[in-house]
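The values are calculated or read from the model by the stated rules, or taken from the named source; none is laboratory data. Note that the structure is a prediction, hence the values are computed from the model and not measured. Please note: Cβ atoms are built from the backbone with ideal geometry, for glycine as well, and neighbour counts cover all protein chains shown. These accessible areas exclude ligands, DNA and RNA; they are computed on the full protein's heavy atoms, side chains included. Shrake-Rupley method; radii C 1.70, N 1.55, O 1.52, S 1.80 Å.
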Amino acid sequence: MSDNPTHAASVPPGEELNRLIFRKLMPLLIAAYIIAFIDRTNIGLAKHHLEADLGISAAAYGLGAGLFFLAYSLCEVPSNLIMYRVGARLWITRIMVTWGLLSAAMAFVEGPVSFYILRVLLGVAEAGLFPGVMLYLTYWFGREQRARANGSFLVAVCLANIMGAPIGGALLGMDGLLGWHGWQWMFVLEGLPAVVLAVVVFKYLPNGPLDAKWLDPKQARDLTARLAKEQQDGADASGTHSFAGVFKDKQILLVIAVYFTHQIAVYSLTYFLPSIIGEWGEMSDLTIGLLTALPWVAAAIGTLVLPRYATNGRRSRKMLFGGMSSMVVGFTIGAVSSPALALVGFCIAAATFFVVQSILFAVPAARLAGAALAGGLALVNTLGILGGFVGPFAMGLIETATDNPSAGLWFVIALVALGAVVSLTLDIRDPQKTAATKNESQVQA
């Protein structure tokens, strides 16, 4: 430890510090979420095989896909509060080990009941990962960089779908090897890497700046103090200082409403795009996987390019409404067009998926602090991600009723359009400016 002027002068300024943090943390966090998302969604590629081999209907599949999110959402808040107390390194490691083993266990599903049970257990195991990382990033990044940091992490979802679909399609081609179905090989070979990566996370992920060996101690103290003050300013400006107060914070509730419709769109496309593409003609599993990856390429580009511009409240509001609106347009094109144009429409919709999500999760981070922030972020994900239950469940029911995998898209379009309207009522403010205005008003009074 050294506090001499010469050493202090060598401390990187803000932008260089942000780059250092990105370089040290984001690859590991992104790798973890890539594996998590592949394990969460690979049943999309197995859908037709599960029906043929085990008799799991489209409605049963939709219910099983959605049950993951029901279980996941119920465990979000307690999981995040535990992480706040025991630290990110231990808790994220625990999450990864249990979800990896349970995802691999999907290979032993025998019918609808065991399918439902394992999807519920997988939801319980993975609960807390996403809001936990959203909380973790608030330990490292301030308000101006947070949407960018959130967006960088969410690139993992795009990469998971870009890589997961072709890899899953190839693994399905192992059908018959050693007497196993291809989908059994897919679940095992995509589940166990989470357990391996958990060892790396436990060894290298610091709980926060004060535990990071690659940060100068003074640098770590200054960063921690600055971010703590910024969080407190946001909590003072919003007036929400406890987890109970989150339920009374109108802006947080509006974020949840928008996020709910957003998640309906994301997971309806995630779980049903392979089926929709499969209806376009005779194609191999690998071809379906490659075409399924294209909207996620668009999502990755949008996520890498756009969130960095959400540096203040005005820009964030415009980008949020624009993102939700482009999702409505894209899904509408997908619902009414020929296959080639429909795929373009899905690409348009997906391009703003995680731009919207990165902005939404920056709102509670700018209004809450401490345990209220931990619980608040989890609550947003808990209630919002129920859209991940509603979307696939509704899509499955509508497909069963109409025998058309695309028919449920109109349900998605209507809900996302409503979310776009609600997003216009969000008051995304810069907490420091709000706090300063509030202080000036108190002085004048």
Inter-centroid distance (Cα atoms) of the stretch 287-363 relative to the stretch 88-138, Å: 26
Out of these labelled values of Cα Rg over 2.2 N^0.38 Å, (1) 1.18; (2) 0.98; (3) 0.92, which was calculated from the coordinates shown here? (2)
Calculate the FRET efficiency for THR224 and ARG308 from the Cβ-Cβ distance with a Förster distance of 22 Å, rounded to the nearest 0.05. 0.40
Accessible area per residue for the stretch 145-302 in Å², computed with a 1.4 Å probe and the full protein assembly in place, what is it? 40
Multiply the residue separation of ILE301 and SER337 by 0.36 nm, subtract the distance between their alpha-carbon atoms, and state the gained length in nm to one decimal. 10.6 nm
Work out how much length ILE117 to LEU20 would gain on full extension: take 0.36 nm times their residue separation and subtract the Cα-Cα distance, in nm to one decimal. 30.7 nm
Hey, if we sort LEU341, LEU118 by accessible area with the 1.4 Å probe, largest down, what's the order? LEU341, LEU118
Taking Cα pairs closer than 8 Å and at least 6 residues apart, the relative contact order of the stretch 123-254 in percent is 22
Probe 1.4 Å, all chains present, heavy atoms only: THR332 accessible area in Å², nearest 10, is 40
If the chain between LEU101 and VAL86 were fully extended at 0.36 nm per residue, the gain over the current Cα-Cα distance would be 3.2 nm
Of the chain, which part is the longest with no trypsin sites (Lys or Arg not before Pro) in a loop (DSSP not H, G, I, E, B) and with at most 14 other C-beta atoms within 10 angstrom? 1-212
State, as an integer percentage, the relative contact order of the stretch 250-346 based on alpha-carbon contacts under 8 Å between residues 6 or more apart. 20
The pairs in LYS229/LYS318; LYS203/LYS229; LYS248/LYS318; LYS24/LYS218 lying past 22 Å Cα-Cα in this model are LYS229/LYS318; LYS203/LYS229; LYS248/LYS318
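With each run of n ≥ 4 DSSP H residues scored as -39500 (n - 2.57), what mean residue ellipticity at 222 nm is computed for the chain after dividing by its residue count and rounding to the nearest 500 deg cm²/dmol?
-27000 deg cm²/dmol
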Can you list which of the GluC sites (Glu not before Pro) found in the stretch 14-123 are DSSP loop residues with at most 12 other C-beta atoms within 10 Å? GLU110
Taking all protein chains in place and a 1.4 Å probe, what share, in percent, of the accessible surface of the chain do carbon and sulfur account for? 66
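Using 1/(1 + (r/R0)^6) with R0 = 45 angstrom and r between the beta carbons of LEU210 and PHE108, what's the FRET efficiency to the nearest 0.05? Intermediate values should be presented prior to the final figure.
Details: r = 43 Å, r/R0 = 0.97.
E between LEU210 and PHE108, to the nearest 0.05, is 0.55.
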